Number of protein chains: 2
Amino acid sequence: MVDIAARVYDHRWKIDPIVRSLIDTDFYKLLMCQSVFRNRPEANVTFSLINRSKQIRLADIVDEGELREQLDHIRSLSLTRGESTWLRGNTFYGKRQMFRPDFMEWFEALRLPPYHLEKRDGQYELTFEGKWPEVMLWEIPALAVLMELRSRAVMQDMGRFELQVLYARAMTKLWEKVEKLREVPNLRLADFGTRRRHSFLWQDWCVRAMVEGLGSKFVGTSNCLIAKNRDLEAIGTNAHELPMVYAALADSDAELRQAPYRVLEEWQEEHDGNLRIILPDTYGTAGFLAGAPDWLASWTGMRIDSGSPEEGAEAAIAWWQAKGEDPRKKLVIFSDGLDVDRIAQLQARFAGRVRISFGWGTLMTNDFRGLVPGDALAPFSLVCKAVAANGRPTVKLSDNPSKAMGPPEEIERYKRVFGVGHQKAMEVLV
Amino acid sequence: MVDIAARVYDHRWKIDPIVRSLIDTDFYKLLMCQSVFRNRPEANVTFSLINRSKQIRLADIVDEGELREQLDHIRSLSLTRGESTWLRGNTFYGKRQMFRPDFMEWFEALRLPPYHLEKRDGQYELTFEGKWPEVMLWEIPALAVLMELRSRAVMQDMGRFELQVLYARAMTKLWEKVEKLREVPNLRLADFGTRRRHSFLWQDWCVRAMVEGLGSKFVGTSNCLIAKNRDLEAIGTNAHELPMVYAALADSDAELRQAPYRVLEEWQEEHDGNLRIILPDTYGTAGFLAGAPDWLASWTGMRIDSGSPEEGAEAAIAWWQAKGEDPRKKLVIFSDGLDVDRIAQLQARFAGRVRISFGWGTLMTNDFRGLVPGDALAPFSLVCKAVAANGRPTVKLSDNPSKAMGPPEEIERYKRVFGVGHQKAMEVLV
């Protein structure tokens, strides 16, 4: 039966929005935003889109008008009453009122600041400059918009049944992963795939499929909108953004050296339990752990986000042991470039030695590899990073030099300050 | 947006009917029905369901109450005004008014006659006895109901996403066939899959996918309802039922020997062009062709429905040549147990030697092989045949003894009358 009103409403659609809500973003962005809002509200930060996959000429694929329309739409969004209620009233990691009233009031009044868009060499230069707590909220929606506009561009000439079969194949592919993951004992896995998803509707489908297919092995999603709509736990802690900006704001090498710990010191003032997760790799895990203060060893766990995950987790275990902590009570979160086979391997290797959790991203929400000619829907490595703070460039080293960013001379300075020696380069797929 | 009226209507559904219309049947049934209505309206015929796949214990799988509900629903159906208009006004094979006014008046008033249902040894004994033109219309809906109730029974405990992935896999499977068929030059293929379809909605999906995926290579469907709804050509001619009943009605061996030709003589009075298709295998192709009258050689083509299709087509070609006809102007229709590889092989072998067309059935509309544990959705060999006429048993031999039916002593008599020697048995998959 045709719903005439819905059809008429559809005909009036100016655009089919990719980002439907300000909370269609990763939970850790909101946690970090609240922290920044309290500790560094006036820092002036620039975020910039960086396409590491240069062969994907985004500006040739994605229409600029459509991109502007989607970005403008995001600027028209504000927190709805229901979203605000969910953030204020929800229990996150067993804790109520995680978001303070002053932060919520600010967030309720927020509209995202202007963007700056140019084309250069077949790529989009998309930047966001302004007060840190405002511009930081552009990261996830900007990525989601670019990823989905690219998907739409590739699919726009496909027939109705061809499209249905494309999604049928993608569903089959995801379900085969679910069937493999079911066999992994004691698995705990969350969706971290918002930023590089194929599309919003596809991420939502994937999450719901995981709920049915994995049951209690699936612990939640980093996407707040999907967590709210599907009654799931919102998952996340903190990211490289904090130490990167704190480091850029440091006025001396000594201050720079302490910046990553300063971040966690301030984090500790606000959060406890499952939110006390160390992300040690921003300027090299080895140096970070070697110089870490003793109080950090009492934190709940560590997230391994670059380099060899086996080496990262072994380093964490050794460090906890050296500090007199029992690694079996600690949580290791793997979140870098995962797919089912790696997840099963890592679980098998570390089960019983530490508590383990997985943040599964791009190859959960965007594994369209091999599904169209020329692999034109394969995911690619797009990021949106804080590139400057109060006029100074930011730097990231990580445990994989292929993920390093910043001006070469600053990278050298950071390597010297943080005592980073030779690092093994690994391919960055997504 | 929820369509409240539709939801309320849905809640009132007593059953979700499998057969939605009296024209949800094969086109050739209606053509044959009109012929029978003119030539043998008073013959008393019994149709019976025969499950050749004894290992599928249908009565253990399908609930008797549900089966009765579906069959009762079919008895409540009558031709709608739109269906009648479509049959009266449509052009079939380029000809208008294929259905005579007297037949249409009778059909418009028709309700299907009662059925007789019993359980025995884990199987359903389902029979229809009455005037031939009435009971013959039970064949296709009865098969479709049993096939779909079996599908529903297997799927009833599956989760929502599990089901979606099941269909995703089936869609992918069909589309891979479409992609292979696209590469077959000069292909002409029609859907003959109504009787053993997975479900009505699935057949409808398959047909529409073929329309998009194969374009002009897909020439139509045998299903009148789908042809009407999707604006396609209805395809079909005649079947074994006619010679089987004519043979059973014969009063002597001499009359029996002529029965298959008598059928075609009467058919010729009514039809020309593409409807003049010989189905030679009811009592063995070799004997049929050896004894065929000369006028049959002028007919448009021949349908190969049992035995080795290569041998059948070669026999047809040799026969036409012997009769001084040019085989390149003749049409060979392959319709037995086809799948894509066989279709491509047969097309490659006979292209340029005869005109070729394919009637693709079960493995188009019901290829759920390998998709659920225990292969519980794999198609199986269910038929509904005329088993008696005016109190005498019918007999079918065909070119594959595995497809023979009838009492053993009658089979022997028919073999003698039609001069059928040794036949090579071939497995009947569907």
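The values are calculated or read from the model by the stated rules, or taken from the named source; none is laboratory data. As the structure is a computational prediction, the values presented were derived from the model and not from experiment. Cβ coordinates were reconstructed from backbone atoms using ideal geometry, including for glycine residues, and neighbour counts include every protein chain displayed.
Considering only residues that are in contact (Cβ under 8 Å) with a residue 60 or more places away in the chain and more than 24 Å from B:Tyr124 (Cβ to Cβ), look in segment B:370-397 and name the one that is surrounded by the most Cβ atoms within 10 Å (Cβ to Cβ).
By that ranking, first place goes to B:Leu397.
For segment A:414-430, how many residues are modelled with pLDDT of 95 or more and surrounded by 14 or more Cβ atoms within 10 Å (Cβ to Cβ)?
Selection size over segment A:414-430: 4.
Among the numbered conditions (1) closer than 24 Å to A:Gly421 by Cα; (2) touching a Lys or Arg at 6+ places or on another chain (Cβ under 8 Å), tell me where A:Ala259 comes up short.
(2)
Determine if segment A:280-296 includes at least one residue that is within 18 Å of the chain's Cα centre (by Cα), crowded, with 22+ Cβ neighbours inside 10 Å and either without any contact (Cβ under 8 Å) to a residue 24 or more places away in the chain or closer than 20 Å to A:Glu139 by Cβ (or both).
Checked segment A:280-296: at least one residue is within 18 Å of the chain's Cα centre (by Cα), crowded, with 22+ Cβ neighbours inside 10 Å and either without any contact (Cβ under 8 Å) to a residue 24 or more places away in the chain or closer than 20 Å to A:Glu139 by Cβ (or both).
Considering each residue of segment B:193-208, count those that are of a type in the set (A, V, I, L, M, F, W, C) and away from chain A (no Cβ under 12 Å), and give that number.
So the answer is 3.
Quick one: what pairs do we get from segment A:79-105, first residue closer than 22 Å to A:Asn274 by Cα, second in a strand (DSSP E or B) and modelled with pLDDT of 95 or more, C-beta under 7 Å, 6+ apart or different chains?
Between residues of segment A:79-105 that are closer than 22 Å to A:Asn274 by Cα and residues that are in a strand (DSSP E or B) and modelled with pLDDT of 95 or more, the close pairs are A:Phe92/A:Ala234.
Got a number for residues in segment B:316-356 being farther than 20 Å from B:Ala239 by Cα and assigned to a strand (DSSP E or B)?
Adding up the residues that qualify gives 3.
Can you tell which of A:Ile304, A:Ile411, A:Ile317 is buried (at least 22 other Cβ atoms within 10 Å of the Cβ), β-branched (Val, Ile, Thr) and either farther than 30 Å from A:Pro133 by Cβ or touching a residue at least 12 places away in the same chain (Cβ under 8 Å) (or both)?
After ruling out the rest, the residue left standing is A:Ile304.
Go through (1) on the phi > 0 side of the Ramachandran plot; (2) of a type in the set (D, E, K, R); (3) surrounded by 20 or more Cβ atoms within 10 Å (Cβ to Cβ) for B:Asp231 and report which single condition fails.
Among (1) on the phi > 0 side of the Ramachandran plot; (2) of a type in the set (D, E, K, R); (3) surrounded by 20 or more Cβ atoms within 10 Å (Cβ to Cβ), the lone unmet condition for B:Asp231 is (3).
So which residues in segment B:205-243 are assigned to a strand (DSSP E or B) and of a type in the set (Phe, Trp, Tyr)?
B:Phe218
From B:Trp138, B:Trp202, B:Trp175, which residue is over 14 Å from B:Asn366 (Cβ atoms), at pLDDT 95 or above, assigned to a helix (DSSP H, G or I) and not assigned by the TED database to the domain that holds B:Ser78?
B:Trp175
Working carefully through the options B:Val8, B:Val19, B:Val45, find the one that is among the β-branched types (Val, Ile, Thr) and at pLDDT below 90.
Checking each option against the conditions leaves just B:Val8.
Considering only segment B:29-46, how many residues are touching a Lys or Arg at 6+ places or on another chain (Cβ under 8 Å) and not charged (D, E, K, R)?
Total meeting the criteria: 5.
When only residues in segment B:370-389 that are touching a helix residue (DSSP H, G or I) at 6+ places or on another chain (Cβ under 6 Å) and part of a loop (DSSP other than H, G, I, E, B) count, which is farthest from B:Ala190 (Cα to Cα)?
So the residue we want is B:Ala376.
Just to confirm my filter: which helices (runs of 4 or more DSSP H) fall fully inside segment B:1-61 and include at least 3 residues that are out of contact with any Phe, Trp or Tyr (no Cβ under 9 Å at 6 or more places or on another chain), within 14 Å of chain A (Cβ to nearest Cβ) and surrounded by fewer than 16 Cβ atoms within 10 Å (Cβ to Cβ)?
B:4-12
For B:Glu148, state whether it is touching a residue at least 40 places away in the same chain (Cβ under 8 Å), of a type outside the set (A, V, I, L, M) and touching a Cys at 6+ places or on another chain (Cβ under 8 Å).
The answer is no for B:Glu148.
Just one of the numbered conditions (1) of a type outside the set (S, T, N, Q); (2) closer than 30 Å to B:Ser252 by Cβ; (3) in contact (Cβ under 8 Å) with a residue 40 or more places away in the chain is not true of B:Ala344; which one?
(2)
Within segment B:160-192, count every residue that is small (Gly, Ala, Ser) and facing chain A (nearest Cβ under 9 Å).
Number of matching residues: 2.
Please pick out the residue among A:Gly130, A:Gly122 that is more than 20 Å from A:Val36 (Cα to Cα) and not aromatic (Phe, Trp, Tyr).
The conditions single out A:Gly122.
Give segment B:248-274 a look and list any residue that's at pLDDT 95 or above, part of a loop (DSSP other than H, G, I, E, B) and surrounded by 13 or more Cβ atoms within 10 Å (Cβ to Cβ), or say none.
Of everything in segment B:248-274, just one residue is at pLDDT 95 or above, part of a loop (DSSP other than H, G, I, E, B) and surrounded by 13 or more Cβ atoms within 10 Å (Cβ to Cβ), namely B:Ala250.
Residues of segment B:390-403 being outside any helix (DSSP H, G or I) and more than 14 Å from B:Thr285 (Cβ to Cβ), which ones?
B:Asn390, B:Gly391, B:Arg392, B:Pro393, B:Thr394, B:Val395
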